[in-house]
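Structure first, commentary second.
The values are calculated or read from the model by the stated rules, or taken from the named source; none is laboratory data. Fair warning: this is a prediction, and the values are worked out from it, not measured in the lab. Here the Cβ positions follow ideal geometry from the backbone for every residue, glycine too, while neighbour counts run over all protein chains shown.
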C-alpha cells in the first residue's frame, strides 16, 4: 500500500520566520514530527512519501501515486488543509486526517474521508487494522491518555533535512498548569507523561545516524512539568553527550519556575540546552490571576528572566493583551515590561479564544464569542467581545508592536540580553553561520534603515560581550522577519 503524508502550508506568521530563513538558506523552521512518527507505525511493506508544503509543492502525480493521503495540521494551517483536501477529492483520492486541528474542528472538513483523532498511540492501531481489512470507519477516537513508551522513533529518513533549521523531539505531553487561554490540558492532560531516558537516547541516536548536526527542539508542552523526571532525562542526556561527543544543542518550552531551581538550570546547561520559550503574558497581577497563570504571580518576572540569561539561556516569550482586567494603561505597561525583560523574540498577541479551552467555554456561556479563532494571535484580529473597547484594544496592540519592533527598541532589547547573557553552552561557528553573518552585514548593516542601531550593537557585542556575538548576529537576522510581520502590517 502507498501512503502519501502531506503537511499543509503555514501562513506567514510570527513563528514562520519566513523573512529570515533565506539568510541561512533554509525553507522552514521544523518538519512535521507527527507525520514522521505515524510513518514509523505503518507496516514495513507500506511505501511512504512525505510532502511538506512549507518546503515543496504538492503535484497531482504525488496524489495519484498514493492509495491514501494522510494529513496532519495545526489550526493555523486550516486554509491550506481545505485546499489540499479539495484537490484530493477532485482526483478521487482517499484522505485521512489527524492532529490538533482535527481533534477540535473535524466537522469543518466534510470533504475528508476518515479521521484518526486524539492521541495516535491509541487511535491509529485500530484504524490500521481496519485499513488492512478494508473495513474503515469514518472516526477513530479515544479519551485515553497513553503512555509515551508506546511512541515509536520517528522516521527521520523521510525528511529533506537540509531544508529545515531544527529538528523536533518530544519527551513529554501535558502540563501541570491550566492557563485559561491554553488548550494543552484539554488535549494532553494535567499530569505530564514522559518517555524513558533510553527511548529519547534511541531517538537522538537515530537522528544523528540520519546525518543531522543542527539544533534540536524538545517540543514538549512544558519540559519541566515533572521536575523529578526532567532531571533524570537531563542526567541521561549529559552521559550520552559525553559518550557520543555530539555537537547538538537543545532548546525547549518551559514555565518560568525553571528560574527558581539552580540544580535544574545547571543540568539543563550541562546537557546542552541554550534556549527556551516561556509564556510571560503580562505585567498585570490581576490578569495573571484571571487566566490562571499562577506560576508567574507574586514574583519579579524581569528578575527571573535575567536569572535565566545569567545562567546561559536565551529566552523567547509570549505576551498577551486583551484580558478582561486590562484597561488602557496596559499598552504602556506592556511595552515597558517587554523592554525591561530584554526578550528579543517577543511574540506579542491579542487574546484569542481557542476551541477546547476554558476561555472559549466561559466566553461562549457569556455570549461573547464572535468567530472561530484563526490560531494566529498576531494577526490583528479578535474573536470575542473584549471588556475594553475593541477599537481601543486593536489600536493599543498596534502601538505595542510598532514600539517594541521599532529600530531603537528592538536593538535596546538585544543590548539588554547580550550584556546579561552568560555563554555556557557550546555554539559551533560553521560555514552557515559565517554566511549568515555576511548577509546580515549586507542587508541589515548596509541596506536596512536600522543600520545605525545594527552597527552600534554590533561593536558593543563584538568588543564588550564577544561570548554573545553569534546571538547578536542571529537576532539581527530575526529582525528582517519581525519588522515585516509586525511593523509593516501594523501601519
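Among the residues of segment 246-303, those identified as closer than 20 Å to residue 344 by Cα, over 21 Å from the mean Cα position of the chain (by Cα) and either touching a residue at least 40 places away in the same chain (Cβ under 8 Å) or not assigned by TED's automatic domain parsing to the domain that holds residue 212 (or both) are 283, 301.
Checked against (1) at pLDDT 95 or above; (2) outside the structural domain of residue 42 (by TED's automatic domain parsing); (3) not in a loop (DSSP other than H, G, I, E, B), residue 176 passes all but condition (3).
Screening 344, 315, 305 for residues that are in contact with a strand residue (DSSP E or B) (Cβ under 8 Å, 6 or more places away or on another chain), part of a helix (DSSP H, G or I) and on the phi < 0 side of the Ramachandran plot leaves exactly one candidate, 305.
Inside segment 273-291, can you point out the residues that are in a loop (DSSP other than H, G, I, E, B) and surrounded by 22 or more Cβ atoms within 10 Å (Cβ to Cβ)? The answer is 282, and nothing else. For segment 461-476, the criterion of being touching a residue at least 12 places away in the same chain (Cβ under 8 Å), under 30 Å from residue 326 (Cβ atoms), crowded, with 19+ Cβ neighbours inside 10 Å and not assigned by TED's automatic domain parsing to the domain that holds residue 325 is met by at least one residue. Of everything in segment 86-119 that's over 27 Å from residue 173 (Cβ atoms) and in contact with a strand residue (DSSP E or B) (Cβ under 8 Å, 6 or more places away or on another chain), which residue is surrounded by the most Cβ atoms within 10 Å (Cβ to Cβ)? Once the filter is applied, the top-ranked residue is 88. Within segment 325-341, which residues are touching a helix residue (DSSP H, G or I) at 6+ places or on another chain (Cβ under 8 Å), assigned to a loop (DSSP other than H, G, I, E, B) and surrounded by fewer than 18 Cβ atoms within 10 Å (Cβ to Cβ)? Those that are touching a helix residue (DSSP H, G or I) at 6+ places or on another chain (Cβ under 8 Å), assigned to a loop (DSSP other than H, G, I, E, B) and surrounded by fewer than 18 Cβ atoms within 10 Å (Cβ to Cβ): 325, 328.
Mind listing whichever residues of segment 184-206 are in a loop (DSSP other than H, G, I, E, B) and surrounded by fewer than 20 Cβ atoms within 10 Å (Cβ to Cβ)? Before you say what the answer is, go through the steps one by one.
Just the residues of segment 184-206 that are in a loop (DSSP other than H, G, I, E, B), to begin with: 189-192, 195-196.
Matches in segment 184-206: 189, 190, 191, 196.
For residue 149, the criteria (1) in contact with a helix residue (DSSP H, G or I) (Cβ under 7 Å, 6 or more places away or on another chain); (2) at pLDDT below 95; (3) assigned by TED's automatic domain parsing to the domain that holds residue 360 hold in every case but one, which is (3).
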